[in-house]
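The values are calculated or read from the model by the stated rules, or taken from the named source; none is laboratory data. Computed from a prediction, not measured in an experiment: that's the story for all the values here. Neighbour counts are summed over all protein chains in view; Cβ atoms, including those assigned to glycine, are modelled from backbone coordinates with ideal geometry. The accessibility values were calculated without ligands, DNA or RNA, using every heavy atom of the protein model including side chains. Shrake-Rupley method; radii C 1.70, N 1.55, O 1.52, S 1.80 Å.
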Amino acid sequence: FFDDDEDHFSTTNLATGRVESVAPSIWKRPCAAASVVSNPTRTSTMNNPAPSTCHSCGKETDNNCGRCKAISYCNRDCQKLDWKKHKAVCFPPGSTCTRCLQEIPPPGSSDYKPCRVPHPEHHLQNCGSSVGPEGAFYRNACAACSKQFVKTTPSFSTPKSQAVIQPASAEWCYHGYHTIKEIPKSDERRIRDDILVLSAKLGHEDLQAKINDIPKDLPNVRILTIQSGGSYDEDIRPRLTVKMPKLEKLQLVDVAFAEITLTPELTPLLETVELQNVPEDCQLDIVLPELKDFSMHYYGPADDEDDEWIHVMLQ
C-alpha cells in the first residue's frame, strides 16, 4: 500500500503469495488466492470489486493490497491513484477500532459498518424535560460532541433507551471512519472500557448487586454514572459504599440512595461528584482530599435557605 506519511508501497502477488516492496514489520504471511470475475467495473472504495480486479482501473491482476488484503491493484500507479480513498478503510486484518472498540471488517464486505459512538451518558447535560399528549421530551446537550438534541418517548414511563433522537443528524456522538490511531485524551467521542453506567430500572436487588460487584467486575472504573430508568422510584434504595481506587468522576442522578460513602479509603482519586435528587434521609459520608468539583441539584421550597449541611459536608 502507499502511505502519504511514510511514502511506501506494498503488494501481495496472489499467484506466488510473495510480498513485494513491503515496509519492514508490516506483513509476515502471504495472502490467499482470490477468485477472478469477468467484465470488471470500477467502483468506489465502499463498494469494492472482486479482490482479483484492480480497484483503480478495473483490469485483472494478481497483486493484492499488502495491508488490508481485501483490495487489488495491477501496479503502483493504480495503487497510488486510489490511496486517498482507500486509506480511510485500509487496516490490517483483525484490527480493532480505537474509537468504538469493535473489530474492523474488511472494506467492501457485507459486515462492514461505519464507526458509531453513542453519546456518553456522563457527558450529557440535562436541559429540561416536558410531558404532553404527544409524549415525553428530554432535551440534552452533549459536551463530547457539542450537539444538542431531543429524546422523545411515547410516555413518561417509557425507558429512555427506547427514545427517538431528533434531529437525526445528532443520533450519534461520532459517525464516520474507523481508526487504529490513538485517540487524543481531549476527544471524548469514543467508547471506553473504564466507564460504567448503571440504571435503576434493574430494580433494587439487581442494582445493588451490580454496585457490589464493581470492585470485582470493573476494578479500574474511572467514571461511574448511576441514573434512574426514566422515573424517580422511592422504593429503589441502593447503598454506594464500595472500593473504587481509580474512580475520578461520579454521577448519581435521580436515584433514591439510602447511603453514599466516599472516603480516601474507598475513592482516593475522586475529583468530580455530581448529585441530583438525593433524598433528605440519605446517609452522606463524603470526605475527599482530591475533590475539585461538586454539584448537587434537588427539589425544595423556593425559600429554603437551610444549606448548612452542605457546608458541613465540604469542611
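Among the candidates Ser130, Ser157, the residue that is in contact (Cβ under 8 Å) with a residue 40 or more places away in the chain and more than 20 Å from Thr225 (Cα to Cα) is uniquely Ser157. The number of residues in region 128-147 being part of a loop (DSSP other than H, G, I, E, B) and more than 16 Å from the chain's Cα centre (by Cα) comes to 2. Filter region 260-281 for residues that are β-branched (Val, Ile, Thr) and surrounded by fewer than 16 Cβ atoms within 10 Å (Cβ to Cβ) and give the result. Passing the criteria: only Thr263.
Selection of region 153-196 for residues being at pLDDT below 85, surrounded by 12 or more Cβ atoms within 10 Å (Cβ to Cβ) and in a helix (DSSP H, G or I) yields only Lys160. All conditions in (1) of a type outside the set (A, V, I, L, M); (2) within 26 Å of Asp82 (Cα to Cα); (3) open to solvent by 40 Å² or more (accessible area, probe 1.4 Å); (4) modelled with pLDDT of 90 or more hold for Ser146, with the sole exception of (2). Candidates are the residues of region 111-135 that are under 23 Å from Asp187 (Cβ atoms) and of a type in the set (D, E, K, R); the one that is least open to solvent (accessible area, probe 1.4 Å) is Glu121. For region 79-98, the set of residues classified as open to solvent by 20 Å² or more (accessible area, probe 1.4 Å) and part of a loop (DSSP other than H, G, I, E, B) consists of Phe91, Pro92, Pro93, Gly94, Thr98, listed by residue number. Within the option set Ile226, Ile236, being crowded, with 18+ Cβ neighbours inside 10 Å and not in a loop (DSSP other than H, G, I, E, B) holds for one residue only, Ile226.
Evaluate region 203-211: report whether one residue or more is outside any loop (DSSP other than H, G, I, E, B), touching a strand residue (DSSP E or B) at 6+ places or on another chain (Cβ under 9 Å) and of a type in the set (D, E, K, R). Within region 203-211, one or more residues are outside any loop (DSSP other than H, G, I, E, B), touching a strand residue (DSSP E or B) at 6+ places or on another chain (Cβ under 9 Å) and of a type in the set (D, E, K, R). Asp111 falls short on exactly one of the conditions (1) within 23 Å of Gly229 (Cβ to Cβ); (2) free of Cβ contacts under 8 Å to residues at least 12 places away in the same chain; (3) not in a strand (DSSP E or B), and that condition is (1).
Looking only at region 228-252, which residues are in contact (Cβ under 8 Å) with a residue 40 or more places away in the chain and under 27 Å from the mean Cα position of the chain (by Cα)? Once the filter is applied, which keeps residues that are in contact (Cβ under 8 Å) with a residue 40 or more places away in the chain and under 27 Å from the mean Cα position of the chain (by Cα), region 228-252 yields Gly229, Gly230, Ser231, Tyr232, Lys246, Lys249, Gln251.
If the condition is being among the β-branched types (Val, Ile, Thr) and touching a strand residue (DSSP E or B) at 6+ places or on another chain (Cβ under 6 Å), then region 113-133 contributes only Val117. Restricting attention to region 205-223, the residues being open to solvent by 40 Å² or more (accessible area, probe 1.4 Å) and either under 17 Å from Asn277 (Cβ atoms) or without any contact (Cβ under 8 Å) to a residue 12 or more places away in the chain (or both) number 6.
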